[in-house]
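Engineer: Got a structure here, written out as C-alpha cells. Questions coming.
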Amino acid sequence: YMCLIFEGRNCRKRALTREEREARRDMADYSVSMIPVRDCRIRVMRGGSGSPLLFLHGGGGAGTWLPFMARLAETFDVIVPEHPGFGESETPPWLDTVSDLANFYLDFLKQLDLDGVHLVGQSLGGWIAAELAVRNTSRLASLTLASAAGIHVKDIPQVDTFLRSDEQRIRDLF
C-alpha cells in the first residue's frame, strides 16, 4: 500500500500471478554491505536508482529486502540501514536514546553525501525520522511517517522506551 501512495494512487491492485511474482523477485536487485559510521558498523541494504529514499525500520528490525522496497527501488535509490543495536549492526556504547539514533543518522547522511533525501520512517523508525527532521532538514526533500511511535501529543507524557524497564513498558501499554 505504501508503494501506491508514492505512485500517487490510492487504490488496490489485483493479485500478481506466479510468473509476475517470480519476475518481480528477479528484478529486485539490491546489495548488502556493512558501513562504518562514527565508531559503529551497520548493515545496509540498497537497491534501485533515482532520488535517495532512506527507510528507517521499526522495532522488528530491517531483516530482509521486502516487496515494497523492491517496488520503491523501481523509482528511488532505496537505502535501508539496520539501526545500531539491531540485527547484524553493532551496538555502540553511546546508544541510549532515540535522540542518539537521530544524530547518528544525520552523520550517516553526511558520510554518504546524500542530499534531496526522501526520509521514510515506520514505527520506531518514524520516531527516529521525526527527531532527525527536527534537528536538521537541510539534506531532506520529504518526510513520511508511517505508524510513527514516540510522537509527542500535548498534555500526554512522552515515553522513551529505551529508558523503561520491562515492568514500566507493560504499564505504559495498558
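The values are calculated or read from the model by the stated rules, or taken from the named source; none is laboratory data. Predicted, not measured: the structure shown is a model, and the values here were computed from it. Quick reminder, even Gly has a Cβ in these numbers, built from the backbone with ideal geometry, and neighbours come from all protein chains shown. Only protein heavy atoms, including side chains, enter the accessible area calculation; ligands, DNA and RNA are left aside. Shrake-Rupley method; radii C 1.70, N 1.55, O 1.52, S 1.80 Å.
Engineer: What do you reckon, is G121 touching a strand residue (DSSP E or B) at 6+ places or on another chain (Cβ under 7 Å), modelled with pLDDT of 95 or more and either more than 24 Å from H152 (Cβ to Cβ) or not β-branched (V, I, T) (or both)?
Structural biologist: Taking the combined requirement at face value, the residue satisfies it.
Engineer: Only residues that are in a helix (DSSP H, G or I) and farther than 15 Å from F55 by Cβ: list them for the stretch 119-152, please.
Structural biologist: Matches in the stretch 119-152: E131, V134, R135.
Engineer: Any residue in the stretch 136-144 that is modelled with pLDDT of 80 or more, farther than 24 Å from E82 by Cα, open to solvent by 70 Å² or more (accessible area, probe 1.4 Å) and not small (G, A, S)?
Structural biologist: Taking every residue of the stretch 136-144 in turn, none turns out to be modelled with pLDDT of 80 or more, farther than 24 Å from E82 by Cα, open to solvent by 70 Å² or more (accessible area, probe 1.4 Å) and not small (G, A, S).
Engineer: Something else: For the stretch 153-166, state whether one or more residues are within 16 Å of the chain's Cα centre (by Cα), part of a helix (DSSP H, G or I) and aliphatic (A, V, I, L, M).
Structural biologist: No, the stretch 153-166 has no match at all.
Engineer: Out of the stretch 148-170, which residues are exposed (fewer than 10 other Cβ atoms within 10 Å of the Cβ) and modelled with pLDDT of 80 or more?
Structural biologist: K154, D155, S165, D166, E167
Engineer: Where in the stretch 1-118 are the helices (runs of 4 or more DSSP H), entirely inside, with at least 2 residues that are modelled with pLDDT of 95 or more and open to solvent by 60 Å² or more (accessible area, probe 1.4 Å)?
Structural biologist: Answer list for the stretch 1-118: 98-111.
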